[in-house]
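The values are calculated or read from the model by the stated rules, or taken from the named source; none is laboratory data. Values in this document were obtained by computation on a predicted structure and should not be read as measured data. Cβ: placed from backbone, ideal geometry, glycine included. Neighbour counts: every protein chain shown. Note: areas computed on protein heavy atoms with side chains; ligands, DNA, RNA excluded. Shrake-Rupley method; radii C 1.70, N 1.55, O 1.52, S 1.80 Å.
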Amino acid sequence: MIYATCVIVFGIFLVFVYSSNENPHFDVVQLKELYGYKAFQGYATTLGASLLILHGTYRWYRRQHRKGHPLPFDGTLRPLTYGMFSAIVGTQSTLQAKCLSELLSQAVRVYHGGPGGQPLSEWFTYFTLVLWLSTTAFWLYRMNKALALFDPLFIIPVLQVFWTFFATMNGGIYFREFFTEDFKHNDVPGFVTGILVIFIGVYLLSPEPKLKEGPKIKEVTISGKGIVGVSGGGGVDGSGGRASNGAGKQQHQQHQQHQQHQ
């Protein structure tokens, strides 16, 4: 587990080092325009389809788990699909928080006589605020529920890994950080390597499938005077080996009384 955690930390380090270091500022008009780029629209469509697949897969695995017939890789896929679904929605809060910070910065500049319109009078500002509050609440709820559903030693790193990955992807595509010349020519190999290392670490951290226990074997001791006792497993009356031993003693006493009468 320590080795897998170190691999994940190293992957996150590579992602941050090879991410775009540019920090441009946007006004309310530019933030609206960023939603219209084909790259972001395609990315958002992919995320929407992924949410449907992840939710359906999780419900299917959970249903079989509750029936007592877990599917292959149940201990890994259930927390992974749950964590990825939660992170896709939850990391929208970081995107909206960045947008809010840009809007508030513009509002302060305009208040002090700077150029541009006042974003506090735009519907987009309050739309962004609602998205930020709702996605933040969703993430906190799902994170707390995950701790109750799964092993914390596995689900906590999984949530953090998916959070880091999707938060980076959201910002890189929406704010077009991945489309800068510096990132295209210098940072892509290191960034992709970091992503791969992160997922390798999650794989190493995943729990091993549990082997099913075989049926318990009952040992029956028989003498010439009847059944003496039964050990292992449950008795016929459901009270275990003690009840079976009691039945054997009773039969033995009845056999002695029958011999005395003869």
For H55 the rounded accessible area (nearest 10 Å², probe 1.4 Å, non-protein molecules ignored) is 90
Can you work out ³J(HN,Hα) from phi for every residue in the stretch 2-18, in order, using Karplus 6.51 cos²θ - 1.76 cosθ + 1.60 and θ = phi - 60°, giving whole Hz and x for Gly and Pro? 5, 4, 5, 5, 5, 5, 4, 4, 5, x, 4, 4, 5, 4, 5, 5, 9
For the stretch 18-129, the per residue accessible area (1.4 Å probe, Å²) is 57
Taking just the alpha carbons, could you work out the radius of gyration and Dmax for the stretch 156-204, both in angstroms? 12.0, 35
Based on the alpha carbons, how large is the Rg to Rh ratio for the stretch 61-214 when Rh follows Kirkwood? 1.11
Using the Karplus curve 6.51 cos²θ - 1.76 cosθ + 1.60 with θ = phi - 60°, work out ³J(HN,Hα) for each residue of the stretch 73-81 in order, rounded to whole Hz, and write x for Gly and Pro. 6, 4, x, 9, 6, 4, x, 5, 5
For the stretch 1-145, what is the number of Lys pairs with C-alpha distance below 28 angstrom, counting only pairs 8 or more positions apart or on separate chains? 4
Using only the C-alpha atoms of the stretch 126-184, find the volume of their convex hull and express it per residue in Å³. 79
Sequence gap at least 6, Cα distance under 8 Å: using those rules, report the relative contact order of the stretch 77-137 to the nearest whole percent. 43
Here the gain from full extension of N144 to L71, 0.36 nm per residue of separation minus their alpha-carbon distance, amounts to 23.8 nm
Suppose R0 equals 22 Å. What FRET efficiency, 1/(1 + (r/R0)^6) with r the Cβ-Cβ distance, do E181 and E33 give to the nearest 0.05? 0.60
Which value, in Å² and to the nearest 10, is the accessible area of W132 when all protein chains are kept and the probe is 1.4 Å? 90
Amide N proximity, the stretch 67-89 versus I156 label position 7 Å along Cα-to-Cβ, cut-off under 17 Å: 83
Leaving ligands, DNA and RNA out of it, report the carbon-plus-sulfur percent of the accessible area of the stretch 74-121 at a 1.4 Å probe. 68
Quick check: with the 1.4 Å probe, what order do K38, K67, K32 take by accessible area, largest first? K38, K67, K32
Counting only heavy atoms of the protein chains, get the accessible area per residue of the stretch 159-203 (1.4 Å probe) and round it to a whole Å² value. 45
Once you list every other residue whose beta carbon is under 12 Å from the beta carbon of C99, what net charge do they have if Lys and Arg are +1 and Asp and Glu are -1? -1
